[in-house]
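These notes are about the structure you will find just below.
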Amino acid sequence: MIALTPFHSQAADTALARRAQEGNRAAFGALYERFKPMVHGILLAHVPYADAEDLMQNVFMLAMQRLPSLRDAEAFGGWLAAITRNLAYDYHRGRKNLVELDGLAEPHSSASRSYEAETALAAIRSLPEAYRETLMLRLVEGMTGPEIAARTGLTPDSVRVNLCRGMKLLRTQLGGDHE
């Protein structure tokens, strides 16, 4: 029998979610550690890199506050992914009326990250949402297909199809940029 890593243990995630619902802060801390790559990856699919870290903290604060309303502890990953997406959408709604000033929007961000990374992130963000999120989780956060399925509540087949189709679109897009 193959030993399962923490990413593959749905039963352990469910048990932690139940304990966290009962007020166990250590259990919630363990959920944070297990799910932060998923949350970060979903946020990167929707918001600028510079804002993803702060929003990730907000996601977990909201999740902790709303944990008593979670009806099925087995659905924790999908529930957390929905909170993450909603917070990302709220982020964009709140920024609709903002005017970015040249040079002030993200000071020194390009100096700290390579042009290639920015190009790749932009290319992934331009893909349809289903592909965008699974590709961010796979390519940026380093999660495997089964880990993505276990964390997000998607079926393994859906993740596999999304990764395959998303990679095809991404290759086409990035290949077109260099021709």
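What follows draws every value from the coordinates through simple rules; no lab data is involved. From a predicted model like this one, the values you see are computed outputs, not experimental measurements. As a convention, Cβ positions derive from the backbone with ideal geometry for all residues, glycine included, and neighbour counts pool all protein chains shown.
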May I ask for the net charge around Gly166, where only other residues with Cβ less than 15 Å from the Cβ of Gly166 are counted and Lys, Arg are +1 while Asp, Glu are -1?
+3
Suppose each label sits 7 Å from its Cα in the direction of the beta carbon; what would the Arg25-Gln10 distance come out to in nanometres?
3.2
Could you check the simple spin-label distance between Asn58 and Thr144, using points 7 Å along Cα→Cβ, in nm with one decimal?
3.4
Taking 0.36 nm per intervening residue step and subtracting the Cα-Cα distance, what contour gain separates Glu33 from Asn86 on full extension?
17.0 nm
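Provide the FRET efficiency to the nearest 0.05 for the Asp51-Asp157 pair, computing r from the beta carbons and using R0 = 25 Å.
Details: r = 33 Å, r/R0 = 1.30.
Plugging the Cβ-Cβ distance into 1/(1 + (r/R0)^6) gives 0.15.
So for Asp90, Asp51, fewest C-beta neighbours within 10 Å to most, what's the order?
Details: Asp90 12, Asp51 16.
Least crowded to most crowded, the residues run Asp90, Asp51.
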